[in-house]
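The values are calculated or read from the model by the stated rules, or taken from the named source; none is laboratory data. Because the structure is a prediction, the values reported are computed rather than measured. Heads up, the Cβs are rebuilt from the backbone with ideal geometry, glycines too, and the neighbour counts pull from every protein chain shown.
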Amino acid sequence: MNHDAANRTFDCESTLTDTQVLEFCRNGFLTLEGVVSDEINQRTCDYLNGKLPANPCFIPEGLTDADLERIRSTHEPSTILLEDWFIEHVLLNEQVAGALRSLLGKHVGLPVLVSDHSVECPAPAQGWHQDADHIFGPEVNFIEVFYFPQDTPLEMGPTEIVPGSHIGPAQRDAADPGVPTGGPAGSFALHSQSILHRRGESSGKGLRHMLKYSYWRTGAPERDWIIEPDFDFHRSYYGGHRAARYVAHMFYWLCGKGDEFRVIGGQGWPWSTENQIGPSYGFGAVGGYLPDWRRNNLDGYAN
Ligand SMILES: [Fe+2]
């Protein structure tokens with residue numbers, strides 16, 4: 001792990017494979033369960049509950065002790081990002097960092113803002129929503145993270161998400177469940193900020209925290225995660241109708257090949273089904289179309 005405190009970045013080995021990066025493009029999220037120690041999870045909760053004195057590793061330029069004290073008391077207690085123990089064991093957690101390095105390239109930018117989504121359980125579910133200021137597109141310029149510092153079983157209303165809902169506008173009935181994130185203390189959900197999500201209904205008792213923050217890309221994308229020698233761009237599964245074209249575009253963008261990406265539509269690549277007797281036509285098309293992420297064209301292609 002190479003942590004550049006002055007530039008607020010880190011670098012480390014990528015831990016995701018081609019298959020896992022493509023899976024992230026398809027689902028819009030990945031989870032890591034219980035990867036932070038109990039001691040650090042407890043310390044995080046104590047910090048958030050005001051039971052632990054602040055000990056920032058430095059005072060950022062332009063801020064004063066009084067500013068830090070004020071920030072800590074808000075619903076955005078970003079001062080936790082200045083605690084050495086939080087940086088080392090949560091922000092730079094080996095498994096979290098390896099996945100982020102795979103998706104965001106070298107010198108990943110560390111978060112500058114934290115939101116504490118705390119709720120006193122029991123509480124009703126939130127409405128389904130895609131967060132403010134999201135953008136639909138092939139770019140993966142940042143990854144948002146949910147960190148659950150205490151055990152967050154279903155009774156404690158973990159955030160629910162809808163796999164694959166990050167590629168375009170999505171609505172969902174309140175009665176329809178999603179996939180719960182959460183799990184044992186120290187669990188993470190790394191996801192596209194555009195994904196449809198909500199706080200789940202809770203029936204348990206007590207205060208539940210969930211910290212939300214984003215890591216940022218600082219360089220051009222390239223395929224520098226773990227390459228699988230037999231990974232086949234032509235025959236991989238990118239998703240079904242109205243999804244595969246966007247997923248493949250995102251994967252190509254991450255490979256640094258976003259500009260080359262073109263599709264011919266219909267049952268052509270990147271769409272495929274397991275019942276074909278040969279690979280889909282249209283792979284590597286030069287004169288094809290780009291998916292229309294803005295949804296301005298009736299056929300879903302931009303040009
Ligand atoms: Fe939200």
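Tabulated values for the structure
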| read-out | value |
| --- | --- |
| Restricting region 181-192 to residues that are assigned to a strand (DSSP E or B) and within 15 Å of the ligand (Cβ to nearest atom), the residue that is farthest from the chain's Cα centre (by Cα) | ALA189 |
| Conditions (1) buried (at least 19 other Cβ atoms within 10 Å of the Cβ); (2) more than 12 Å from the ligand (Cβ to nearest atom); (3) over 25 Å from PRO221 (Cβ atoms): number failed by ILE167 | (3) |
| Selection from region 209-227 of residues that are in contact with an Asp or Glu (Cβ under 8 Å, 6 or more places away or on another chain) and in a strand (DSSP E or B) | LEU211, LYS212, TYR213, SER214, ILE226 |
| Pair list, Cβ under 8 Å, 6 or more apart: region 110-122 residue without any contact (Cβ under 8 Å) to a residue 24 or more places away in the chain, other residue surrounded by fewer than 17 Cβ atoms within 10 Å (Cβ to Cβ) and assigned to a loop (DSSP other than H, G, I, E, B) | none |
| Residue count for region 252-300, restricted to those that are without any contact (Cβ under 8 Å) to a residue 40 or more places away in the chain and not in a loop (DSSP other than H, G, I, E, B) | 4 |
| Unmet criterion (only one of (1) out of contact with any Gly (no Cβ under 7 Å at 6 or more places or on another chain); (2) surrounded by 22 or more Cβ atoms within 10 Å (Cβ to Cβ); (3) part of a loop (DSSP other than H, G, I, E, B)) for ILE195 | (1) |
| Top-ranked residue in region 37-59 [being of a type in the set (Ser, Thr, Tyr) and assigned to a helix (DSSP H, G or I); ranked as nearest to the chain's Cα centre (by Cα)] | THR44 |
| Residue count, region 205-228 (criterion: within 16 Å of the ligand (Cβ to nearest atom) and small (Gly, Ala, Ser)) | 1 |
| Total residues in region 82-138, condition within 16 Å of the ligand (Cβ to nearest atom), charged (D, E, K, R) and within 30 Å of ARG245 (Cα to Cα) | 2 |
| PHE86 being outside the structural domain of ALA244 (by TED's automatic domain parsing), assigned to a strand (DSSP E or B) and closer than 15 Å to VAL112 by Cα | no |
| Condition met for GLY157 (more than 30 Å from ASN297 (Cα to Cα) and more than 16 Å from the ligand (Cβ to nearest atom)) | no |
| Positions within region 1-36 being part of a loop (DSSP other than H, G, I, E, B) and touching a His at 6+ places or on another chain (Cβ under 7 Å), in sequence order | GLY28, VAL36 |
| Whichever residue in region 139-151 is within 16 Å of the ligand (Cβ to nearest atom) and of a type outside the set (Asp, Glu) and, among such residues, is surrounded by the most Cβ atoms within 10 Å (Cβ to Cβ) | PHE148 |
| Per-region count, region 167-192, residues closer than 18 Å to LEU32 by Cβ and either touching a residue at least 60 places away in the same chain (Cβ under 8 Å) or assigned by TED's automatic domain parsing to the domain that holds TYR301 (or both) | 11 |
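Residue by residue, here is whether (1) of a type outside the set (Val, Ile, Thr); (2) crowded, with 20+ Cβ neighbours inside 10 Å; (3) touching a Leu at 6+ places or on another chain (Cβ under 9 Å) holds:
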site	(1), (2), (3)
ARG8	yes, no, yes
CYS12	yes, no, yes
GLN20	yes, no, yes
THR31	no, no, yes
VAL36	no, yes, no
GLY98	yes, no, yes
LEU103	yes, yes, yes
